[in-house]
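The values are calculated or read from the model by the stated rules, or taken from the named source; none is laboratory data. Nothing here was measured: the structure is a model prediction, and the numbers come from that model. Cβ coordinates were reconstructed from backbone atoms using ideal geometry, including for glycine residues, and neighbour counts include every protein chain displayed. Heads up: the accessible areas ignore ligands, DNA and RNA and are worked out on the full protein's heavy atoms, side chains in. Shrake-Rupley method; radii C 1.70, N 1.55, O 1.52, S 1.80 Å.
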Amino acid sequence: MTASSAATAEGRAAKFMKRRNRIRFYEILVWVAAVAAIFVAPTKLLILTEIAILALFAVSLDLVLGFAGIVSLGHAAFFGLGAYIAGLIALHFIAEPVVGLIVAGLASGVLGFLTSFLILRGSDLTRLMTTLGIALMMAEVANQMAWLTGGADGLGGFTVGPILGIFEFDLFGRNGYIYCLVVLFLVTMIARRLAFSPFGLSLKAIKGNPMRAGMVGVPARRRIVAVYTLAAVFAGMGGALLTQTTSFVSPDVLAFHRSADLLMVLVIGGTGYLYGGIFGAIIFTLLKDWLSVVTPQYWMFWIGLILVAMVLTGRDRLARWIEYLPERFSRKEADR
């Protein structure tokens, strides 16, 4: 390759990466709407907090599912560990929530790193069952170690202090929502920076064809370990937020339905662009809240019916709303 052709290739690559990293119009709308909700819907801040926590949890899974192609039924293991660590930190050590949030994320990251080597083996089905097994074992450990976790009764009796020693959690959930929203924003920006970088492109290559990715020099094993560990950190932070905003944690945070609901969220919102987890969390939580009031006994049936309708309709048709945006707002990334 001549010097001129190499320079041309580098220039095209630089333009491509710049185009991928460009902030989309819908992203700005998401965060503006999230901030506006503080003033527009002051009585709905508790459910908005729930949406923010679920969105953070979904963004963490989208890193491994949407970019690396690893399907997990045990992501709740990291979420639950982070929740318990945050509760134990507040109960025995320090009540300041940011410290608990960081420690919970690091603890879940350690678990993610140790278990990441298990998912390197076998096929997708093997990974699916391995991740599920890890979550089930974690749930049983939490249930049996009642002296530490409170067992089936859960862990309570602790008070979460003011955020950074300044902002106290109020009864209406205003500061709690702002706290969760700030964490969600920071995590999403970090995940976005990584996903739309050469690191993210290498994950896409691994997802498409691991053998071919290895042949062109992509260290597939190290990339998978890295992204799985990072996703575990983010999931643990989501669990910590749940504990800190409710001042309670129980084995329910490690239950199978947590991981199943998370996959449902990503099915609704889509994978591979991070904001699918946020959109899916909004739709899923609002649907569940509304249907549980309208039909308390059959709300899961209606959500299942909606999912079936989405599959039959096809995601491409549902995504055509973007065609009605101005061209500079709806321009798709080159790799989609």
**Prompt:** Per the helix-only calculation at 222 nm, which mean residue ellipticity applies to the chain, given -39500 (n - 2.57) for every DSSP H run of n ≥ 4 and division by its residues, nearest 500 deg cm²/dmol?
**Reply:** -23500 deg cm²/dmol
**Complete:** Here the tail fraction of P(r) beyond 19 Å, over all Cα-Cα pairs of region 152-284, rounds in percent to 62
**Item:** Translational diffusion coefficient (Stokes-Einstein; Kirkwood radius from C-alpha pairs) of region 205-276 at 4 °C, 1.567 mPa s, in µm²/s
**Value:** 88
**Request:** Enumerate by residue number the chymotrypsin sites (Phe, Trp or Tyr not before Pro) in region 45-134 meeting two conditions: DSSP loop (anything except H, G, I, E, B), and at most 13 other Cβ atoms within 10 Å of the site's Cβ.
**Result:** Phe93
**Request:** Across the chain, how many lysine pairs, 8 or more positions apart or on different chains, have C-alpha atoms separated by under 29 Å? Please give the number.
**Result:** 9
**Item:** Debye equation applied to the C-alpha atoms of region 57-163, log10 I(q)/I(0) at 0.13, 0.14, 0.24 Å⁻¹
**Value:** -0.53, -0.61, -1.29
**Request:** Using only the Cα atoms of region 32-76, each taken as one equal point scatterer with no solvent, compute I(q) by the Debye sum, divide by I(0), and report log10 of the ratio at q = 0.16, 0.17, 0.24 Å⁻¹.
**Result:** -0.55, -0.59, -0.79
**Fill in**
Non-local residues with an amide H under 5 Å from the amide H of Ile163, with H modelled 1.01 Å from N and Pro and chain starts lacking one, are Glu168, Phe169
**Request:** Could you pull out the trypsin sites (Lys or Arg not before Pro) across region 114-191 that fall in loop regions by DSSP (anything but H, G, I, E, B) with no more than 13 other Cβ atoms inside 10 Å?
**Result:** Arg121
**Request:** In a Gaussian network model over the chain where Cα atoms closer than 10 Å are linked, find which of Gly82, Gly154, Gly66 has the largest mean-square fluctuation.
**Result:** Gly154
**Complete:** Excluding ligands, DNA and RNA, the carbon-plus-sulfur percentage of the accessible area of the chain with a 1.4 Å probe reads 69
**Request:** List the extent of the Cα atoms of the chain along each of their three principal axes, largest first, rounded to whole Å.
**Result:** 69, 44, 44
**Request:** Give the longest segment of the chain that steers clear of GluC sites (Glu not before Pro) in DSSP loops with at most 16 neighbouring Cβ atoms within 10 Å, not counting the sites themselves.
**Result:** 1-167
